[in-house]
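Below: one structure, written as structure tokens.
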Amino acid sequence: MGSGSAGNSIYLAAGQTSLLIDAGLSAAQINKRLALIGVDVAGLDGIIISHEHGDHIKGIGVLGRRFKIPIFINCGAYNKLNGTLKGEEPVVHFSTGDDFSLGQLDIHPFCVPHDAAEPVGFIICYGSYQLGVAMDLGCVTHVVREKLKDSHMLILESNYEPRLLQSGPYPWSVKQRVQGRYGHLSNQGAAELLSELLHPGLKHVAMVHVSKTNNHPRLVYDQAKAVLDKSNIKGIQLTIARQDQVSTMIKL
């Protein structure tokens, strides 16, 4: 639906189940953007939350209250919402590391390194298909590699280009946070992770959370495409998510 520092949200549908991964855009924007792809927001089966930062939860309160969409969230993130929810929303708590089901989807939340209370990535399975999602991670851990391997589609953060971050307008303290172990993943870091996750069953890669200030979609594309071109695996599609527009629907 949109991805970047101003808000992140991903729409996923499989069989009779549809959900959002995060809802960091306003409820009005999410409603509008879902309508562009012919989806009724009231028909969503749930919203799964990766962590409590505003660019991932902005719309959950209104969506939960107005449309009674269940919000799936771990206790660490829930305890840091600071008034985002008013007690009228349907909330389902999950435990990091434990599988849960949402309709026809099996979901496994796993730990990622980020400066939030209990941040997670997701492995989402529908039958034999596996989607791996890792947004907002400052570095790549063994857990991240192990969980994401064998995915048929990957959604990976490629947040910043180091030289643009260093020469950009952010205060030094923010630059240190972004490039720290609990900040965000650089284009190089994302490309290196992608190179470790390539396998013949991988069909599509979407690079997300691209900084408008410290990055450019072309830089993200070029580095990720170089990794794909160097491999002996053909036919892997590459998408760069944008902040200001809905991405093309990807079908497996």
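The values are calculated or read from the model by the stated rules, or taken from the named source; none is laboratory data. These numbers come from a predicted model, not from an experiment. No Cβ is skipped: glycine too gets one built from the backbone with ideal geometry, and neighbour counts run over all protein chains shown.
Restricting attention to the range 72-90, which residues are farther than 22 Å from residue 156 by Cα and surrounded by 15 or more Cβ atoms within 10 Å (Cβ to Cβ)? Step through it out loud before you land on a result.
Quick first cut of the range 72-90, residues farther than 22 Å from residue 156 by Cα only: 75-76, 78-90.
Scanning the range 72-90 gives 76, 78, 80, 81, 84, 85, 89.
Mind telling me which of the residues 248, 213 ends up being loosely packed, with under 15 Cβ neighbours inside 10 Å, among the polar types (S, T, N, Q), at pLDDT 95 or above and part of a loop (DSSP other than H, G, I, E, B)?
It is 213.
Taking the criterion of being basic (Lys, Arg), farther than 17 Å from residue 7 by Cβ and out of contact with any Gly (no Cβ under 8 Å at 6 or more places or on another chain), would at least one residue in the range 68-83 satisfy it?
The answer is yes, given that some residue of the range 68-83 is basic (Lys, Arg), farther than 17 Å from residue 7 by Cβ and out of contact with any Gly (no Cβ under 8 Å at 6 or more places or on another chain).
Looking at residue 201 and the list (1) loosely packed, with under 15 Cβ neighbours inside 10 Å; (2) farther than 27 Å from residue 250 by Cβ, which single condition is not satisfied?
The number of the failed condition is (2).
Quick one: which residue in 61, 54, 38 is surrounded by 19 or more Cβ atoms within 10 Å (Cβ to Cβ) and over 23 Å from residue 101 (Cβ atoms)? Reasoning before the result, please.
Working: 54 fails: surrounded by 19 or more Cβ atoms within 10 Å (Cβ to Cβ); 38 fails: surrounded by 19 or more Cβ atoms within 10 Å (Cβ to Cβ).
One residue alone meets the criteria, 61.
Take the range 109-125 and flag every residue that is part of a strand (DSSP E or B) and among the β-branched types (Val, Ile, Thr).
Within the range 109-125, 120, 123, 124 meet the criteria.
Within the bounds of the range 2-10, is there any residue that is of a type in the set (Gly, Ala, Ser), at pLDDT 95 or above, surrounded by 20 or more Cβ atoms within 10 Å (Cβ to Cβ) and over 23 Å from residue 130 (Cα atoms)?
Yes, the conditions are met somewhere in the range 2-10.
Which of the residues that make up the range 11-37 are among the aliphatic types (A, V, I, L, M) and closer than 17 Å to residue 131 by Cα?
Result: 12, 13, 14, 19, 20, 21.
Go through 47, 69, 30 for me and flag whichever is of a type in the set (A, V, I, L, M, F, W, C), in a strand (DSSP E or B) and surrounded by 13 or more Cβ atoms within 10 Å (Cβ to Cβ).
47
Go through the range 136-195 residue by residue and tally those that are surrounded by 15 or more Cβ atoms within 10 Å (Cβ to Cβ), of a type in the set (Gly, Ala, Ser) and either modelled with pLDDT under 95 or outside any helix (DSSP H, G or I) (or both).
Here the count works out to 6.
Do you know which of the residues in the range 109-134 that are buried (at least 20 other Cβ atoms within 10 Å of the Cβ) and among the small types (Gly, Ala, Ser) is nearest to residue 72 (Cα to Cα)?
121
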